[in-house]
1. Probe radius 1.4 Å, ligands and nucleic acids left out: which of HIS428, HIS395, HIS209 has the largest accessible area, and how do the rest follow?
2. Take peptides 171-180, 124-133, 238-247 and line them up by average Cβ neighbours within 10 Å, highest first, as a rough protection proxy.
3. How much length, in nm to one decimal, is gained on full extension between ILE378 and ASN347, taken as 0.36 nm per residue of separation minus their Cα-Cα distance?
4. Treating only the Cα positions of segment 330-403 as identical point scatterers, give the base-10 log of I(q)/I(0) from the Debye formula at each q in 0.22, 0.27 Å⁻¹.
5. Segment 303-352: percent of C-alpha pairs farther apart than 14 Å?
6. When each pair of different Cα atoms in segment 185-228 is counted once in the 1/r mean, what is the Kirkwood radius in angstroms, to one decimal?
7. Distance from a point 7 Å along Cα→Cβ of GLN400 to each backbone N in segment 151-168: keep the residues under 19 Å and list them by number.
8. For segment 219-299, what Kirkwood radius comes out of the mean inverse Cα-Cα distance, in Å?
Amino acid sequence: MADKHVSSLGVVSRKYLLCLFSFILALFLLSWFLVLRSTGRPNSIDHSLLTKPFHSIINNGSSPSWDQYNVELPLGNREGEGEDEETPREKVAVKEVKCNTHNENSKEPLKVYMYDLPPEFHFGLLGWTPQGDSVWPDLRTKIPAYPGGLNLQHSIEYWLTLDLLASETPGFPRAGGAIRVRNSSEADVIFVPFFSSLSYNRYSKVNPHQKKSKNKLLQEKLVKFVTSQREWKRSRGRDHVILAHHPNSMLNARMKLWPAMFILADFGRYPPSIANVEKDVIAPYKHVIRSYVDDLSNFDSRPILLYFQGAIYRKDGGLARQELFYLLKDEKDVHFQFGSVQKNGINKASKGMHSSKFCLNIADAIKEKFLVNMIRGIGKDEWTRMWQKLKEVEHFFEFQYPSKEGDAVQMIWQAVARKVPVMRMKIHRSMRYSRSLIHNNRELRTIPTPSNFW
Ligand SMILES: *[C@@H]1O[C@H](CO)[C@@H](O)[C@H](O)[C@H]1NC(C)=O
């Protein structure tokens, strides 16, 4: 009897404690939001953007209101909410923004405004000279070719630019992830068509009678041009898309154009303040090996177990390749050889890879027998499953013109499109900070249109 009494008391007080705890937690969360709000420290998601302030900026002058754009703000109350009244409702809003950021149901193409840069920044680097007024080649005639060999690995600039040009050429069969628009106020992003990787690969040398390399000069010119544009000034560059796929490309300009969205191969040579996963896009290399079209091979028809061909001794590549070479050199069915793009190297490597069960992507497997034992342990069934999975994703790695649904070009446009909502929020936030300037009506007109906002 006494026990029962005690235990029921226990239940009651536990319930009570739970209630109290939830209440305190709620209060804590509330105060936390208010503190964040008042210090105005940057967060990964900017809460202040989700409420009234930018609405009020827009209504502050002659600009159209959100309703005209048919944009649904995530918060229920869009009118007259005091700035300090932000509540945990914001939490809900943030969640919605996150979901909406990933909403790919809308098939609206990304609207891209492309600067008409002089040819010396793009097709001029391929030896093309303009005929007539246009700075762009006419795609219905001959398209200038991008140089082969290892240059191709970073040719992302070329495929994206061609795709934008194709979007304006009537009757062109292509996948429609992005279209070029001529009015920058209607664009989601501003594309800077500088073939920076080619510029690095081809024009980094300083010739005897030059002070600077052409690559460096072009970057200086580019910075001057871009930062003086109306489009750059209105967003401080945040809605610009800049290509710097070769890790050494844009070495000088990157420090000046950092607010923009970069398309990179990796973040390795960038400080996080210049490039980071929040604002930038990582694009795959274009593979230089021939695609295995209509691959009807199987486990048994590929005699080589493991294949690697490439540079084994590298200036700055560490010792992994050399060590692997010594670990693997006595394995009969392993091909691990020096090779380059010269002397038909790409064709040979294509053939070799197509005849191998596995290809080595050098990363540290430098433990005796570890690698070979691991892959010998993968039997026919598992290998076939892996091979089928690879076939499902291989199209993501194809850069081509015209671009096709599901290829690398389309994947990059999608990745850019996913960054647009957060990018827009940042632009609005910085406008809010400079609100004092905004009474001046000129600024008002420069607010990016929220078309396509969610
Ligand atoms: C560009 O688009 C904006 C917004 O839609 C519009 O107000 C403006 O008139 C357009 N400009 C031109 C030159 O068409």
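1. Output order, biggest surface exposure first: HIS209, HIS395, HIS428.
2. Ranked from most to least packed, the peptides come out as 238-247, 171-180, 124-133.
3. 8.4 nm is the gain from fully extending ILE378 to ASN347.
4. -1.28, -1.35
5. Roughly 53 percent, rounded to a whole number.
6. 11.9 Å
7. Of the residues in segment 151-168, 152-167 have backbone N under 19 Å from the label point off GLN400.
8. For segment 219-299, inverting the mean 1/r across all distinct Cα pairs yields 14.4 Å.
The values are calculated or read from the model by the stated rules, or taken from the named source; none is laboratory data. From a predicted model like this one, the values you see are computed outputs, not experimental measurements. Neighbour counts run over all protein chains shown; Cβ positions are idealised from the backbone, glycine included. Only protein heavy atoms, including side chains, enter the accessible area calculation; ligands, DNA and RNA are left aside. Shrake-Rupley method; radii C 1.70, N 1.55, O 1.52, S 1.80 Å.
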